[in-house]
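Taking it in order: structure first as structure tokens, then the write-up.
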Amino acid sequence: MEPGAAAAGSRRVLRRLRDVMAGSGTAQQKLDTIVRIIAADMVAEVCSCYIRRAGDLLELFATEGLRPEAVHRTRLRVGEGLVGVIAATARPLALAEAQSHPDFAYRPETGEEVYHSLMGVPILRGGRVLGVLVVQNRTQRHYSEDEIEALQTIAMVLAEIAASGDLVSPAEQQPGEGNVTLPTRLEGIRLNTGLAIGQAVLHQPRVTIRRIVAEDVGAELERLRNAIAAMQSAIDELLAQTDIPDSGEHLDVLETYRMFAADRGWLQRIADAVRGGLTAEAAVQRVLDDTRARLLQATDPYIKERLTDLEDLANRLQSHLTGKPITAARASELPDEFVLIARNMGPAELLDYDRRRLKGLVLEEGSPGAHVAVVARALDIPVVGRVKDVLLRVEAGDVVVVDGDDAIVVLRPGEDLLQAAQARIRIRQGQREQYAAFKDLPAETKDGVRIELNLNAGLLIDLPYLDEAGAEGIGLFRTELQFMLREDFPTVAQQAMLYRRVLDQAGDRPVTFRTLDIGGDKLLPYMEGEREENPAMGWRAVRIALDRPALLRQQLRAFIRAATGRRLRVMFPLIAEIAEFEAAREVLELELARVRKRGGVLPTMIEAGVMLEVPSLLWELPELLKRVDFISVGTNDLVQFLFAADRGNARVAERYDYLSPAVLRVLADIARACAAAAKPFALCGEMAGDPLGAMALIGLGYRNLSMAPRSLGRVKAMVRSLDYRSLCDFLATLSGHTGSLRGSLHDFAQDHGVAI
Ligand code: PEP
Ligand code: MG
């Protein structure tokens, strides 16, 4: 069939369906008529509509062609039979010979054994499968792409009936039946620690599309064109604004939208759906539903991330079509303290919300490496991810408790729980005020041992914490975070601009830039990479940098440019042998020579160091220390490699304690070797931000610790209440102990009034 003819056919049937929908009769009667129209239009002997009911069952609600007595009798589980597979995957299926498919489930009451070919599509609404629409033929018919598309478009109309509540009650379509106003406790995964209470704000409240079938295709195309133009210029305008706070991350991400917003493939598919008879809004939704179903099958988290960007863009387009703001981000009626609930979202969208009122984030999807999680950590708000069906269970305005520490979300908590959470928040708030009070005081033990406390950072939004927390500098700037938020490699100029801003904001305080620690599980969306069996030990960090020296050269060039006339500290991650450090340092020398040759201005001082995080390097320490300007111990990786326990796998990550003799001995050896070589050394793993871990490190000889912003106050409180001598005496008594020393260290702290 010609594409134009397909579109005309689709429009014709949509109009007929619209008339049925607008006419009189019960929902069941309308459904009965609709399946007849579809069967005739598609020249199929059978057209059946299955609707999802409680318990994840798909019930045959209407059929043309199957035995009438099967209606309301035939039921399949989601995942059972071909209909169940369509529902489970939310993807269309077209088979010329359905009965030979391994998932075919024969139901004798239907009499379907005489039909060979089958084409089915999910009935989708807001990303949820409400049912399945199927046509069947006696012959072994090959359904075309156009026919599948047409059936998908028709399924949008059926979604209206399915969601209307006239066939099955909306409560039945909610997963997990029950009264939605009762307190509900949901579990997820921890994406950021912390505790918050707030009223639920639903990110992208479900768009209800009132009109599905276009009255006038030409006029709809015109509306679509105008909305696209309006959206594109709104994005351009946003980009042109110079007063966006912390514009760094915004700009990068908005650039992405601009690219997406001009994506011809996407816009073309929407226009095609309008030509098929849908209104512009319905067409945007159709294309989004389709893309979502397709991308959700992908296992690559970065592909899924693209979906988040596309969803955001589709919503922006909807808002231009309807003239209504889709997100509540800019609405003045946001509650004073709110918890944002979303399926998933892009990082820029999170930054759209008023940060003072945003207390927590709950996601149906999300992973620790997701961009939104990276930004939420920088904002220091608790985040719980992978909370199944939270959007279906929560209503806007519900009170929500987000417990990031235990990865739990409570909707509509009872009075007892609410009071307990409020008390915990008050205690933390009191502590914060206490920490703020001594932010300008030195981190010094009671007996005068001075400890340098630095910040781990990676985004511009981290930088205000330098002042807020009273840090002495940035001990670790993870440059990869900025790369992860983008859709393409930043140019040298873009990188230099960011690094310069970091140095500007740090002022006299030293900043240690780490070169890219990408690869493994931190793949950049725009860099091709292979899935690896064992990514933490794979092609990662300096290994990529040395294999792709252009990338490293560009980054080093940007560092040098940014630090013109200032101090530059560069650190290389995941160095496993001295030769790697030397090779990386050579690249740095090359870049410095290049600037010299051109008569450029160099940094006033250049220090090159390594992250000590791969055990092999421990046996090269004396030689290494002769060559580096400093080292920083990365306990996150070092401990995972020492125990052979994946730090990202909750099952094993918490099995081994860094406060155990093996780790503490290694760390003591490092401190001794560095002190003997008079080489500056620091520690920047999570251990430094745990007051008990920091206490042990001070006892082992560490004087420079770098940590996440929120840990700084707690660690300083610990340091200022510690008596170093008695800690050393105590540690001496522990030699020969086996197993975790956490309990003993904890008891020491309690007995000696150390604030932990
Ligand atoms: C570490 O490994 O301890 C470290 C600080 O680096 P990252 O957590 O970025 O791997
Ligand atoms: Mg590391």
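Whether any residue in region 526-536 is buried (at least 20 other Cβ atoms within 10 Å of the Cβ) and not in a loop (DSSP other than H, G, I, E, B) is what I want to check.
Looking only at region 526-536, we keep the residues that are buried (at least 20 other Cβ atoms within 10 Å of the Cβ), and these are none.
Looking through region 526-536, none of the residues is buried (at least 20 other Cβ atoms within 10 Å of the Cβ) and not in a loop (DSSP other than H, G, I, E, B).
Here are the criteria: (1) under 31 Å from the mean Cα position of the chain (by Cα); (2) outside any helix (DSSP H, G or I); (3) under 22 Å from Ala443 (Cα atoms); (4) of a type outside the set (A, V, I, L, M). Tell me which single one Tyr702 does not satisfy.
Evaluating Tyr702 over (1) under 31 Å from the mean Cα position of the chain (by Cα); (2) outside any helix (DSSP H, G or I); (3) under 22 Å from Ala443 (Cα atoms); (4) of a type outside the set (A, V, I, L, M) leaves (1) as the failure.
For region 667-699, which residues satisfy the criterion of being more than 22 Å from Arg742 (Cα to Cα) and either assigned to a loop (DSSP other than H, G, I, E, B) or acidic (Asp, Glu) (or both)?
Ala677, Ala678, Lys679, Pro680
Here's the yes/no breakdown for (1) within 14 Å of ligand 2 (Cβ to nearest atom); (2) within 37 Å of the chain's Cα centre (by Cα):
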{"position": "Arg598", "(1), (2)": "no, no"}
{"position": "Ser616", "(1), (2)": "no, yes"}
{"position": "Asn636", "(1), (2)": "yes, yes"}
{"position": "Gly648", "(1), (2)": "yes, yes"}
{"position": "Asp657", "(1), (2)": "no, yes"}
{"position": "Leu664", "(1), (2)": "no, yes"}
{"position": "Cys684", "(1), (2)": "yes, yes"}
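Give the number of residues within region 505-525 that are touching a helix residue (DSSP H, G or I) at 6+ places or on another chain (Cβ under 9 Å) and outside any loop (DSSP other than H, G, I, E, B).
Summing the residues that are touching a helix residue (DSSP H, G or I) at 6+ places or on another chain (Cβ under 9 Å) and outside any loop (DSSP other than H, G, I, E, B) in region 505-525 gives 7.
Looking at Leu76, Leu31, Leu66, can you tell me which residue is assigned to a strand (DSSP E or B) and either in contact with a strand residue (DSSP E or B) (Cβ under 7 Å, 6 or more places away or on another chain) or within 20 Å of Ala214 (Cα to Cα) (or both)? Give the steps one after another, and end with the answer.
Working: Leu31 fails: assigned to a strand (DSSP E or B); Leu66 fails: assigned to a strand (DSSP E or B).
Of Leu76, Leu31, Leu66, the one residue that is assigned to a strand (DSSP E or B) and either in contact with a strand residue (DSSP E or B) (Cβ under 7 Å, 6 or more places away or on another chain) or within 20 Å of Ala214 (Cα to Cα) (or both) is Leu76.
Take the residues in region 544-576 that are within 13 Å of ligand 2 (Cβ to nearest atom) and free of Cβ contacts under 8 Å to residues at least 60 places away in the same chain, then tell me which one is surrounded by the fewest Cβ atoms within 10 Å (Cβ to Cβ). Break it down stepwise before answering.
Residues of region 544-576 within 13 Å of ligand 2 (Cβ to nearest atom): 571-576.
Remaining after also requiring free of Cβ contacts under 8 Å to residues at least 60 places away in the same chain: 572, 575-576.
Details: Phe572: 26, Ile575: 28, Ala576: 18.
Looking at the filtered set, the residue picked out is Ala576.
Out of Gly84, Gly55, which single residue is in a helix (DSSP H, G or I) and either under 30 Å from Glu311 (Cα atoms) or out of contact with any strand residue (DSSP E or B) (no Cβ under 6 Å at 6 or more places or on another chain) (or both)? Steps first, please.
Values: Gly55 fails: in a helix (DSSP H, G or I).
The conditions single out Gly84.
Is it true that some residue in region 583-602 is more than 30 Å from Ser740 (Cα to Cα) and within 16 Å of ligand 1 (Cβ to nearest atom)? Before you say what the answer is, go through the steps one by one.
Step one: filter region 583-602 for residues more than 30 Å from Ser740 (Cα to Cα), giving 583-602.
Restricting the remaining residues to those that are within 16 Å of ligand 1 (Cβ to nearest atom) gives none.
No.
Which of the following residues is touching a Lys or Arg at 6+ places or on another chain (Cβ under 7 Å), within 21 Å of Thr193 (Cα to Cα) and within 16 Å of ligand 2 (Cβ to nearest atom): Ala688, Ala653? Steps first, please.
Values: Ala688 fails: touching a Lys or Arg at 6+ places or on another chain (Cβ under 7 Å).
Exactly one residue qualifies, and that residue is Ala653.
Exactly one of these conditions fails for Thr604: (1) among the polar types (S, T, N, Q); (2) over 26 Å from His746 (Cβ atoms); (3) within 15 Å of ligand 2 (Cβ to nearest atom). Give me its number.
So the condition that Thr604 fails would be (3).
Can you tell me which residues in region 479-489 are touching a Lys or Arg at 6+ places or on another chain (Cβ under 7 Å) and either within 22 Å of Arg714 (Cα to Cα) or touching a residue at least 60 places away in the same chain (Cβ under 8 Å) (or both)?
Taking region 479-489 and keeping what is touching a Lys or Arg at 6+ places or on another chain (Cβ under 7 Å), we get 479-480, 484.
Hits for region 479-489 are Thr479, Met484.
Since Arg12 meets every condition but one in (1) within 40 Å of the chain's Cα centre (by Cα); (2) within 19 Å of Glu145 (Cα to Cα); (3) in a helix (DSSP H, G or I); (4) at pLDDT below 90, which condition does it not meet?
Evaluating Arg12 over (1) within 40 Å of the chain's Cα centre (by Cα); (2) within 19 Å of Glu145 (Cα to Cα); (3) in a helix (DSSP H, G or I); (4) at pLDDT below 90 leaves (1) as the failure.
Taking only pairs six or more apart or across chains, which ones have beta-carbon atoms under 8 Å, a first residue in region 8-31 that is closer than 15 Å to Ala62 by Cα and small (Gly, Ala, Ser), and a second residue that is at pLDDT below 85 and not in a helix (DSSP H, G or I)?
Matching pairs, first to second residue: Ala27/Ser164.
Of the numbered conditions (1) closer than 30 Å to Gly507 by Cβ; (2) away from ligand 1 (no atom under 16 Å from the Cβ); (3) among the hydroxyl-bearing types (Ser, Thr, Tyr); (4) surrounded by 15 or more Cβ atoms within 10 Å (Cβ to Cβ), Thr635 satisfies every one except a single condition; which is it?
It fails just one condition, (2).
The values are calculated or read from the model by the stated rules, or taken from the named source; none is laboratory data. Model, not experiment: these values are computed from the prediction. Backbone-built Cβ (ideal geometry, glycine too); neighbour counts: all protein chains shown.
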